[in-house]
Amino acid sequence: MTKSLLEDGILPGLPNDLIRAQYVAAPGNEFESGKFLSEESSACLAANTFGFFLDKPATIPSFPIEGDNFWPPHSVRLEVENRFPWSGGRHSWLDAVVETQSLVLGIESKRYEPFRSKRKVELSEAYWRPVWGEQMERYCRLRDDLRSNAVDFHRLDVAQLIKHAFGLRTRVHRDSGAHGKKPLLLYLYAEPISWPDGRLIPAAQIAAHRNEISLFAERVAGDEVSFAALSYRELLNAWRNSKDMNVRAHADVIMATFKP
């Protein structure tokens, strides 16, 4: 990232106050903790990519994924909580949510996380409550396989993606503003060639991550919460073909600044 960006974490020309307000309202304020300014921050990448559209959501181009016929959006938000059908405990927080009249698109953003050493994440017993409905059986089977160690993912945080799917499913059933909309979970990932200190990221790790994404997609295909995956490069290259010159310029700046 450039020095000017590192100074406050947000690119010039973006709605700085709007972006900051959405993070300040969320638990674990990334600005106050200093995490946002890290050269490895996935939140910083997501905030700069989607923050551009906070005050003009209808201008965000459609994503190169199945379901782009649901466009245009009426809302783009950062750091969005999707609550589960119970009051206590920790709930699902997505990096961004884009809503149209008929779609809730939840975005989980990753940057360097898939290439770090990963500890095994355990799902609490709450996730086995019979509240997800028959159309979430594939996610539930994968949840069960994680607990029994029948599957093993080294690069993809499958437990987190299952939580997000459960959160999106809850939103479209319980939130009056989203009730009846189609829920879609988008895994948006960077593929940096090296760490900020110059160490190369092995190509085998990048390939393994992609393979695990494909396996996850196969396992959950057909459930109520659709799943799609895109690299940041695929998304930004699609935006570079936008008819809107401001969107094209924004995509160029994100690509040049973050090199995702």
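The values are calculated or read from the model by the stated rules, or taken from the named source; none is laboratory data. Computed from a prediction, not measured in an experiment: that's the story for all the values here. Positions of Cβ are generated from backbone atoms using ideal geometry, with glycine treated the same way; all protein chains shown enter the neighbour counts. All accessible areas refer to the heavy atoms of the entire protein, side chains included, with ligands and DNA or RNA removed. Shrake-Rupley method; radii C 1.70, N 1.55, O 1.52, S 1.80 Å.
Things worth noting here:
- Strands (runs of 3 or more DSSP E) contained in the range 57-119 and holding at least 1 residues of a type outside the set (Gly, Ala, Ser), farther than 18 Å from Ala25 by Cα and within 16 Å of the chain's Cα centre (by Cα): 92-99, 103-110
- Residues in the range 68-91 that are open to solvent by less than 30 Å² (accessible area, probe 1.4 Å) and touching a His at 6+ places or on another chain (Cβ under 7 Å) were compared, and the one that is nearest to Leu236 (Cα to Cα) is Asn82.
- A Cβ distance below 6 Å, combined with a sequence gap of six or more or placement on separate chains, defines the contacts here; from the range 145-157, residues that are exposed (fewer than 11 other Cβ atoms within 10 Å of the Cβ) reach no residue that is at pLDDT 90 or above and outside any loop (DSSP other than H, G, I, E, B).
- The number of residues in the range 181-224 being in contact (Cβ under 8 Å) with a residue 60 or more places away in the chain and within 19 Å of Leu105 (Cα to Cα) comes to 16.
- Extreme residue, farthest from Val247 (Cα to Cα), among residues of the range 1-37 that are among the charged types (D, E, K, R), more than 21 Å from the chain's Cα centre (by Cα) and at pLDDT below 80: Glu32
Let's see how each residue does on (1) within 20 Å of Arg174 (Cα to Cα); (2) of a type in the set (Phe, Trp, Tyr):
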residue	(1), (2)
Phe70	no, yes
Ser75	yes, no
Leu78	no, no
Glu81	yes, no
Ser92	yes, no
Ser102	yes, no
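- Which numbered condition Ile65 misses (of (1) touching a strand residue (DSSP E or B) at 6+ places or on another chain (Cβ under 6 Å); (2) surrounded by fewer than 19 Cβ atoms within 10 Å (Cβ to Cβ); (3) at pLDDT 90 or above): (3)
- The single condition among (1) open to solvent by less than 30 Å² (accessible area, probe 1.4 Å); (2) within 23 Å of Ser117 (Cβ to Cβ); (3) of a type in the set (Asp, Glu) that Asp223 does not meet is (2).
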